[in-house]
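Here the structure is laid out as structure tokens; the discussion comes afterwards.
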Amino acid sequence: MTLEEARQRCEQLRAEIEHHNYRYYTLDDPEISDAQYDRLLRELIELEQTHPDLITPESPTQRVGAAPLTEFETITHTIPMLSLDNAFSEGELRDFDGRVRRLLETSGRIEYVAEPKLDGLAVELVYENGIFSSGSTRGDGIAGENITQNLKTIKTIPLKLRKDVQGFPSRLEVRGEVIIKLNAFRQLNATREAKGEPLFANPRNAAAGSLRQLDSKITASRPLDFFCYGIGQFIGIAFDSQWHILEIYRKWGLMVNLHIRKCDGINEVIEYYAYMNELREQLPYEIDGIVVKVNQLDLQRKAGEKSRSPRWAIAYKFKARQETTKILDIIVQVGRTGTLTPVALMEPVKIGGVEVSRATLHNQDEIDRKDIRVGDWVVVQRAGDVIPEVVKVIASRRTKGEKPFKMPETCPVCGSAVVRVEGEASHRCQNLSCPAQLKEGIKHFAAKRAMDIEGMGDKIVAQLVDSGLVKNVADLYGLILDQLANLERVAEKSAQNLLDAIEGSKKRPLARLIFALGIRFVGEHVAHLLSDHFKNFDKMRHATQEELEAIDGIGPQSAQSIVQFFESPENIKIIERLIESGVELGAPAKSSSGRLAGKSFVFTGTLKSLSRGKAQERVESMGGVVSSSVSKKVDYVVVGDDPGSKADKARQSGLTILTEDEFLELVKMNPKGYCT
Ligand code: IVH
């Protein structure tokens with residue numbers, strides 16, 4: 001191959017690879033398989049290795065590869081990156097609208113663009129003739145850090161703009177926010193916790209920490225995303241409005257948030273705020289408000305700006321999800337497996353509209369690391385579906401009267417010795433018949449996703465255990481009406497309902513029963529794997545560690561725990577009593593003659609309206625089967641939120657993909673997970 005031929009082939013490969021990156025990362029709609037993509041990339045790498053002169057900064061091979069830096073250089077922004085004023089109430093937002101109308105000398109409605117306020121890190125990307133040339137943090141607004149190499153690792157940032165618009169501007173400064181999605185944030189923290197590394201307090205810190213790495217390989221390992229919402233300098237192109245800018249960005253292959261709306265007047269903005277406030281809970285990333293911008297650029301110019309913020313835009317913040325409050329006491333809760341969890345009891349405080357008076361402190365190490373003491377003023381946060389937690393102590397408010405916390409040496413419920421297993425962060429009560437463990441164990445057994453005994457709530461479980469009527473789950477099936485009706489504040493009618501619910505639970509499918517037993521490291525998923533594999537409780541109960549580990553998806557930890565569980569004579573006795581009471585060890589959930597007979601399903605991602613277990617049961621009850629891995633034999637792949645690699649594999653294999661709604665339709669269930 002001549003040098004000229006090599007140059008042409010490199011160019012062709014780069015164009016193809018960037019096109020497939022865009023299909024895959026930005027549109028989430030790949031056209032080729034991973035293997036085909038890898039072949040293209042490998043060919044390009046080899047060509048560039050043979051002809052290093054042909055390497056260009058925008059080549060897809062350059063996304064990671066530069067040597068770690070010792071410090072960041074500074075980049076001065078051509079046009080300062082301004083900040084935003086905040087509005088915290090509808091009144092303040094209307095005041096903003098009033099100011100804008102005065103500045104623009106109009107009494108009519110203003111056209112605004114309303115956008116989610118993404119909670120990440122503001123950055124600026126510079127494109128020269130369509131090619132990404134440098135990128136920086138906002139810094140102090142005047143100058144930021146040169147993080148070009150790290151930004152190149154973010155797959156939703158195109159190294160070259162797409163040619164869907166006539167010509168490229170000679171210079172374009174794109175502004176936007178780098179974020180990390182909530183699930184990636186949680187996973188990152190879980191990995192850090194396992195390694196004993198300090199945790200990120202929130203997704204914004206995680207995104208900022210990941211971007212400001214001197215070694216871009218570390219940034220590359222963190223799943224960051226980028227959304228564009230603004231512009232700096234642009235030469236060689238004309239725009240007339242914010243909306244127009246965002247439209248052209250999309251055409252160039254830049255990621256623009258889907259929830260941005262054009263609003264005719266401030267009332268529509270207020271409606272949008274309410275809508276986003278609701279939607280916020282379901283978004284896979286954090287937003288902390290909305291940003292409202294005058295749409296027309298000439299009107300923006302007319303309104304002008306102050307020293308640090310424009311007069312034509314404002315952030316209308318959601319109610320804060322972090323608040324400060326005081327720790328009144330630290331108590332210790334004992335969980336189902338005997339783990340002691342310290343919990344802060346706090347002066348009640350409203351966080352994002354929800355009253356919070358308790359927060360988990362995780363374990364003693366976490367308390368020591370944050371130096372949390374009884375009497376401290378602390379910052380508490382509620383993020384998404386996460387349990388409230390203490391972010392940090394406000395050390396400046398200490399009065400010297402605060403008391404450090406030490407885990408008790410005996411269980412606060414049963415008084416037996418507490419041990420800390422070597423290598424684990426948690427302390428444990430070792431007494432298997434500890435009433436606290438028993439109560440949690442019964443609640444787990446009766447839970448919706450387990451034996452589904454309706455009416456078996458916290459109060460009745462506490463009464464049953466405290467009165468001595470129930471000492472293990474098998475005792476539930478021996479309860480009689482008089483015993484229940486004699487409990488304080490239990491009417492005969494609800495006692496009968498509870499007995500009916502207990503009776504009804506005898507016919508649950510095997511997987512639910514396995515999950516209900518509360519074996520350590522056996523969650524719903526492992527329970528389903530066991531049930532699929534053994535189909536029969538007796539076979540499972542006698543399985544060896546090797547047999548268990550040979551099942552795809554079951555690791556040594558779960559296998560060992562299962563074997564240990566069935567080695568315990570107490571556990572065997574309970575199981576025998578369950579059988580005697582008529583609990584079916586493997587009630588037939590499957591039908592081979594239903595409407596889905598012969599059809600196989602794979603699930604990936606989280607379903608909103610029902611658990612995986614319930615979805616599997618439904619499929620099986622209609623004659624279908626559920627498999628854990630994607631293969632050509634699979635008929636349907638059901639894709640929920642944040643799907644894993646199975647979704648990609650399914651798309652590449654051309655399998656039929658169902659959204660959650662389509663699945664519900666197929667199995668005739670409504671979006672609440674009930675059969676229709
Ligand atoms: S526009 C002059 N739009 O909020 C306009 N900012 O509090 C300046 N942010 O520094 C920014 N989402 O980090 C804009 N849709 C959005 C935004 C947004 C998040 C951040 C950005 C900015 C900060 C100001």
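The values are calculated or read from the model by the stated rules, or taken from the named source; none is laboratory data. This structure is a prediction, so every number in the text was calculated from the model and none was measured. Using ideal geometry, Cβ is built from the backbone for each residue, glycine included, and neighbour counts are taken over all protein chains shown. Accessible surface areas use protein heavy atoms only, side chains included; no ligands, DNA or RNA. Shrake-Rupley method; radii C 1.70, N 1.55, O 1.52, S 1.80 Å.
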Check: the chain dipole with +1 on Lys, Arg Cβ and -1 on Asp, Glu Cβ, in debye:
820
Rank 40, 113, 419 by how far each Cα sits towards the positive end of the charge dipole of the chain (+1 on Lys, Arg Cβ; -1 on Asp, Glu Cβ) and give me just the farthest.
113
Which angle between 0 and 90 degrees, to the nearest 10, do you get for helix 242-251 versus the longest principal axis of the chain when only C-alpha atoms count?
80
Which of 92, 488 is most accessible, then next, and so on - probe 1.4 Å:
488, 92
Roughly what percent of Cα-Cα pairs across the chain reach past 43 Å?
39
Pairs 471/614; 448/539; 117/293; 448/506: which exceed 21 Å Cα-Cα?
471/614; 448/539
Between 331, 374, 408, whose Cα lies farthest towards the positive end of the dipole of the stretch 303-461 when Lys and Arg beta carbons carry +1 and Asp and Glu beta carbons carry -1, centred on the Cα centre?
374
Going from most exposed to least, what order do 70, 26, 50 have by accessible area with a 1.4 Å probe?
70, 50, 26
Could you tell me whether the stretch 127-185 comes out rounded, prolate or oblate from its Cα gyration tensor? Rule is a ≥ b ≥ c as square roots of the eigenvalues, rounded for a/c under 1.5, then prolate if a/b exceeds b/c, otherwise oblate.
oblate
For the chain, which whole percent of the accessible surface, found with a 1.4 angstrom probe, sits on carbon and sulfur atoms?
49
Can you tell me the orientation of helix 492-504 relative to the chain, as the angle in degrees between its alpha-carbon axis and the longest Cα principal axis, to the nearest 10?
80
May I ask for the angle, rounded to the nearest 10°, between helix 34-50 and the longest principal axis of the chain, with both axes built from Cα atoms and the value confined to 0 to 90°?
50
With only Lys, Arg, Asp and Glu charged, each at its Cβ (+1 for the first two, -1 for the last two), find how big the charge dipole of the stretch 385-488 is about the Cα centre; round to the nearest 20 debye.
700
Solvent-accessible area of residue 627, probe 1.4 Å, all protein chains present, reported in Å² to the nearest ten, please.
40
Please calculate how many Å² of accessible area the chain carries per residue, with a 1.4 Å probe and no DNA, RNA or ligand atoms counted.
49
Residue 23 accessible area, 1.4 Å probe, all protein chains in place, Å² to nearest 10
50
Per-residue accessible area, 1.4 Å probe, largest first, puts 59, 426 in the order 426, 59
With r defined as the distance between the Cβ atoms of residue 15 and residue 86 and R0 fixed at 51 Å, what FRET efficiency is calculated, to the nearest 0.05?
0.70
In debye, nearest 20: dipole of the stretch 307-426 around its Cα centre with unit charges on the Cβ of K, R (+) and D, E (-)?
780
Quick one: accessible surface of residue 629, probe radius 1.4 Å, all protein chains present, in square angstrom to the nearest 10.
60
Which of 160/262; 459/535; 160/306; 181/608 exceed 26 Å between C-alpha atoms? The answer is 160/262; 459/535; 160/306
Can you tell me which lysines have their Cα less than 16 Å from the Cα of residue 163? Leave out same-chain residues fewer than eight positions away.
251
